[in-house]
Amino acid sequence: MKEIASMHHVTFSYDTEEESSQIQIKALDDVSFTLYEGEWLAVVGHNGSGKSTLAKLLIGLLFPSTGEVNLFLEPLSDANLWETRSRMGIVFQNPDNQFVGSTVQDDVAFALENNGVPHEMMVKRVREALEQVKMSGYVNHEPHHLSGGQKQRVAIAGALALQPELLILDEATSMLDPQGREEVIEIVKKLRGEIGLTVVSITHDLEEVLLADRVLVMNEGKVLMMGTPQEIFQKGKELESIGLDLPFALRVSELLRESGVELQGNHMTEEELVNELWTFHFSK
Ligand SMILES: Nc1ncnc2c1ncn2[C@@H]1O[C@H](COP(=O)(O)OP(=O)(O)O)[C@@H](O)[C@H]1O
Ligand SMILES: [Mg+2]
């Protein structure tokens, strides 16, 4: 497995002013992890646990107070910042703060233009990206007049048009309805299959967490645990103690077990649970 990004003992503090005295807020505390090419990493944690700060450090919007961030096997520095950023796309939670173009197509084209992509290729990529998010019918619309879900899809198209090697979604699906969320997940799945895209998805959506290859759990600026969804959700009590939800099927499995139903496994999806319950039922 080839590394695509990593953090080594990264600490980050925000300097803020409160009642005219300078204070520091430690948002990340000794964070280390490695992300591999083609991987889908879900990042979870309560509000304020440092997830967005981690995303911003990963794309060089912020620099660590101490420690090191490596991207594409090189330490992120002033010298390689722009080249490195051009290989990554990021989508934030609130698309309103991200629009720069006066029409949907201008908006999607903006970053490509900045990266010096030739006009013909730009037109092609903008068209393809808008097709992928099913927004082709809106090329000349004003972004501000779209619905929340449509705006978010345009923001995602903007990131996809860059043909990034690493795509970071910071709660990008949180404002979408279940169908919109499903569509984004489908796009991500498809791109992973086609171009081996690496994805970091900060999310509260448990369905999405279950689809990831690995999960990074943040708590109070620290990495609490990292592992496959199965490994993470084995530690259900610990996750609940830091205020995280568990998958519905897992909670039901636990309740069934407590009431004397002998289940074989810890079921993550409703399908797995239902299958075992049927087997259990018929073997009686
Ligand atoms: N621009 C900022 N200035 C000062 N403190 C901030 C700023 N952004 C985030 N923080 C603080 O840093 C901590 C981590 O925030 P953040 O990374 O946004 O967490 P999350 O994305 O998990 O909700 C929180 O305590 C938050 O209040
Ligand atoms: Mg956040």
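The values are calculated or read from the model by the stated rules, or taken from the named source; none is laboratory data. Nothing here was measured: the structure is a model prediction, and the numbers come from that model. Cβ coordinates were reconstructed from backbone atoms using ideal geometry, including for glycine residues, and neighbour counts include every protein chain displayed. In case anyone asks, the SASA skips ligands and DNA or RNA and just uses the protein heavy atoms, side chains included. Shrake-Rupley method; radii C 1.70, N 1.55, O 1.52, S 1.80 Å.
For the subset of region 56-100 comprising residues that are among the small types (Gly, Ala, Ser) and assigned to a loop (DSSP other than H, G, I, E, B), which member is farthest from ligand 1 (Cβ to nearest atom)? Among those residues, the one meeting the criterion is 79. Pairs only if they're at least six apart or on different chains, beta carbon under 9 angstrom, first in region 158-180 and farther than 21 Å from residue 106 by Cα and away from ligand 2 (no atom under 16 Å from the Cβ), second assigned to a loop (DSSP other than H, G, I, E, B) and of a type in the set (Phe, Trp, Tyr); list them, first residue then second. If the second residue must be assigned to a loop (DSSP other than H, G, I, E, B) and of a type in the set (Phe, Trp, Tyr), the pairs left are 165/72; 166/72. Of a type in the set (Asp, Glu), farther than 25 Å from residue 174 by Cβ, exposed (fewer than 14 other Cβ atoms within 10 Å of the Cβ) and away from ligand 1 (no atom under 16 Å from the Cβ), is that true of residue 17? No, not satisfied.
The selection criterion, being among the hydroxyl-bearing types (Ser, Thr, Tyr), closer than 22 Å to residue 239 by Cα and modelled with pLDDT of 95 or more, does not hold for residue 11.
For the structure I just gave you, tell me whether residue 224 is touching a strand residue (DSSP E or B) at 6+ places or on another chain (Cβ under 7 Å) and either free of Cβ contacts under 8 Å to residues at least 12 places away in the same chain or part of a loop (DSSP other than H, G, I, E, B) (or both).
On the way: touching a strand residue (DSSP E or B) at 6+ places or on another chain (Cβ under 7 Å): yes; either free of Cβ contacts under 8 Å to residues at least 12 places away in the same chain or part of a loop (DSSP other than H, G, I, E, B) (or both): no.
So residue 224 does not fit the description; no.
Filtered by the rule that a residue be open to solvent by 10 Å² or more (accessible area, probe 1.4 Å) and hydroxyl-bearing (Ser, Thr, Tyr), region 26-52 gives 32, 34, 36, 52.
Exactly one residue out of 170, 106 is under 21 Å from residue 204 (Cβ atoms), surrounded by 15 or more Cβ atoms within 10 Å (Cβ to Cβ) and modelled with pLDDT of 85 or more, and it is 170. Filtering region 200-234 down to residues that are acidic (Asp, Glu) and at pLDDT 90 or above, which residue is most open to solvent (accessible area, probe 1.4 Å)? Among them, the one singled out is 220. Taking only region 1-34 into account, find how many residues are within 16 Å of ligand 2 (Cβ to nearest atom) and aromatic (Phe, Trp, Tyr). So the answer is 2.
Among residues belonging to region 59-95 that are in contact with a strand residue (DSSP E or B) (Cβ under 6 Å, 6 or more places away or on another chain), open to solvent by less than 60 Å² (accessible area, probe 1.4 Å) and within 17 Å of residue 33 (Cβ to Cβ), point out the one that is farthest from ligand 2 (Cβ to nearest atom). Out of the qualifying residues, it is 70.
Check 151, 189 and return the single one that is away from ligand 1 (no atom under 16 Å from the Cβ) and either open to solvent by 40 Å² or more (accessible area, probe 1.4 Å) or free of Cβ contacts under 8 Å to residues at least 12 places away in the same chain (or both). Even if it seems obvious, please write down each step before you answer.
Details: 151 fails: either open to solvent by 40 Å² or more (accessible area, probe 1.4 Å) or free of Cβ contacts under 8 Å to residues at least 12 places away in the same chain (or both).
Only one candidate passes the filter, namely 189.
A count restricted to region 109-124 and to residues that are open to solvent by 40 Å² or more (accessible area, probe 1.4 Å) and either of a type in the set (Val, Ile, Thr) or part of a helix (DSSP H, G or I) (or both) stands at 8.
In region 41-57, the condition of being over 13 Å from residue 220 (Cβ atoms) and more than 16 Å from ligand 2 (Cβ to nearest atom) is met by no residue.
Being within 16 Å of ligand 1 (Cβ to nearest atom) and among the small types (Gly, Ala, Ser) is the requirement here; does residue 27 meet it? Here the answer is yes, as residue 27 does meet what is asked.
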